[in-house]
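Visitor: Before I ask anything, let me first share the structure, which is written out below as C-alpha coordinates.
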Amino acid sequence: MSDSHCKYLFVGYPNWWSDAPMAVYTFLESYDWAGKTLIPFNTSSSGGFGRSLSGIEESADGATILEGLDLTESELSDAQNRITEWLSDLGLNG
(Lines give C-alpha, C1' and ligand atoms only; values in the text may rest on other atoms or scores of the structure.)
Protein backbone atom coordinates (compact mmCIF):
# COMPACT_ATOMS: atom_id res chain seq x y z
CA MET A 1 0.00 0.00 0.00
CA SER A 2 2.59 2.52 -1.00
CA ASP A 3 -0.12 4.67 -2.55
CA SER A 4 -0.50 7.65 -0.21
CA HIS A 5 -4.10 8.10 -1.40
CA CYS A 6 -5.26 4.83 0.13
CA LYS A 7 -6.64 5.57 3.59
CA TYR A 8 -9.18 2.77 4.17
CA LEU A 9 -8.74 -0.89 3.40
CA PHE A 10 -11.43 -3.52 3.86
CA VAL A 11 -9.95 -6.95 4.59
CA GLY A 12 -12.29 -9.90 4.24
CA TYR A 13 -11.59 -13.52 5.00
CA PRO A 14 -13.21 -16.79 6.01
CA ASN A 15 -13.03 -17.88 9.63
CA TRP A 16 -10.97 -21.08 9.72
CA TRP A 17 -11.04 -22.74 13.13
CA SER A 18 -11.56 -19.38 14.92
CA ASP A 19 -8.77 -17.68 12.99
CA ALA A 20 -7.97 -15.95 9.72
CA PRO A 21 -5.97 -17.84 7.08
CA MET A 22 -2.20 -17.30 7.38
CA ALA A 23 -2.21 -15.63 3.95
CA VAL A 24 -4.21 -12.76 5.47
CA TYR A 25 -1.60 -12.22 8.18
CA THR A 26 1.23 -12.44 5.65
CA PHE A 27 -0.51 -9.81 3.53
CA LEU A 28 -1.02 -7.50 6.51
CA GLU A 29 2.59 -7.86 7.67
CA SER A 30 3.83 -6.80 4.23
CA TYR A 31 2.72 -3.16 4.44
CA ASP A 32 3.38 0.04 6.35
CA TRP A 33 0.08 0.75 8.09
CA ALA A 34 0.98 4.17 9.50
CA GLY A 35 -1.91 6.54 8.86
CA LYS A 36 -4.10 3.80 7.38
CA THR A 37 -7.41 2.38 8.57
CA LEU A 38 -8.22 -1.30 8.32
CA ILE A 39 -11.80 -2.54 8.37
CA PRO A 40 -12.14 -6.31 8.87
CA PHE A 41 -15.03 -8.54 7.88
CA ASN A 42 -15.40 -12.28 7.76
CA THR A 43 -17.72 -15.16 7.13
CA SER A 44 -18.05 -18.39 9.01
CA SER A 45 -20.37 -21.27 9.57
CA SER A 46 -21.00 -20.20 13.16
CA GLY A 47 -17.82 -18.84 14.73
CA GLY A 48 -17.75 -15.06 14.37
CA PHE A 49 -14.28 -13.48 14.53
CA GLY A 50 -12.81 -15.98 16.96
CA ARG A 51 -9.24 -14.92 17.75
CA SER A 52 -8.60 -13.33 14.35
CA LEU A 53 -9.02 -9.72 15.49
CA SER A 54 -6.08 -9.98 17.87
CA GLY A 55 -4.03 -11.52 15.04
CA ILE A 56 -5.01 -8.67 12.76
CA GLU A 57 -3.97 -6.08 15.35
CA GLU A 58 -0.58 -7.76 15.70
CA SER A 59 -0.06 -8.16 11.95
CA ALA A 60 -1.19 -4.67 10.88
CA ASP A 61 1.11 -2.75 13.20
CA GLY A 62 0.27 0.95 13.21
CA ALA A 63 -3.18 0.59 11.62
CA THR A 64 -6.31 2.07 13.06
CA ILE A 65 -8.78 -0.80 13.13
CA LEU A 66 -12.47 -0.02 12.91
CA GLU A 67 -15.33 -2.22 14.07
CA GLY A 68 -15.57 -5.27 11.89
CA LEU A 69 -18.50 -7.29 10.64
CA ASP A 70 -18.81 -11.03 10.94
CA LEU A 71 -21.49 -12.90 9.05
CA THR A 72 -22.41 -16.42 9.97
CA GLU A 73 -24.24 -18.85 7.74
CA SER A 74 -27.53 -18.30 9.59
CA GLU A 75 -27.31 -14.52 9.00
CA LEU A 76 -26.75 -14.56 5.25
CA SER A 77 -30.42 -14.09 4.38
CA ASP A 78 -30.23 -10.64 6.01
CA ALA A 79 -26.66 -9.86 4.90
CA GLN A 80 -27.57 -6.82 2.79
CA ASN A 81 -29.30 -5.12 5.71
CA ARG A 82 -26.49 -5.98 8.13
CA ILE A 83 -23.83 -4.66 5.75
CA THR A 84 -25.76 -1.45 5.08
CA GLU A 85 -26.22 -0.86 8.81
CA TRP A 86 -22.55 -1.64 9.53
CA LEU A 87 -21.32 0.80 6.88
CA SER A 88 -23.72 3.44 8.16
CA ASP A 89 -22.50 2.96 11.74
CA LEU A 90 -18.92 3.39 10.48
CA GLY A 91 -19.93 6.55 8.63
CA LEU A 92 -18.88 5.00 5.30
CA ASN A 93 -22.25 4.49 3.66
CA GLY A 94 -22.18 7.52 1.41
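Visitor: Would you call Asp32 in contact with a Gly (Cβ under 8 Å, 6 or more places away or on another chain) and of a type in the set (D, E, K, R)?
Guide: It is true that Asp32 is in contact with a Gly (Cβ under 8 Å, 6 or more places away or on another chain) and of a type in the set (D, E, K, R).
Visitor: Ok, one more. Give Leu38, Leu53, Leu71 a once-over and let me know the one that is out of contact with any Cys (no Cβ under 7 Å at 6 or more places or on another chain) and part of a helix (DSSP H, G or I).
Guide: Leu53
Visitor: What pairs come out if I take residues in the range 5-16 that are more than 15 Å from Ile65 (Cβ to Cβ) and pair them with residues that are part of a strand (DSSP E or B) and not β-branched (Val, Ile, Thr) whose C-beta lies under 9 Å away, six or more apart or interchain?
Guide: Partner pairs satisfying both residue conditions: Pro14/Asn42; Pro14/Ser44; Asn15/Asn42; Asn15/Ser44; Asn15/Asp70; Trp16/Ser44.
Visitor: A further question on this structure: Pick from the range 17-31 the residues that are modelled with pLDDT of 90 or more and loosely packed, with under 12 Cβ neighbours inside 10 Å: which of them is nearest to Thr64 (Cα to Cα)?
Guide: Restricting to residues being modelled with pLDDT of 90 or more and loosely packed, with under 12 Cβ neighbours inside 10 Å, the top hit is Ser30.
The values are calculated or read from the model by the stated rules, or taken from the named source; none is laboratory data. Since this is a predicted model, take the numbers as computed values, not measurements. Cβ: placed from backbone, ideal geometry, glycine included. Neighbour counts: every protein chain shown.
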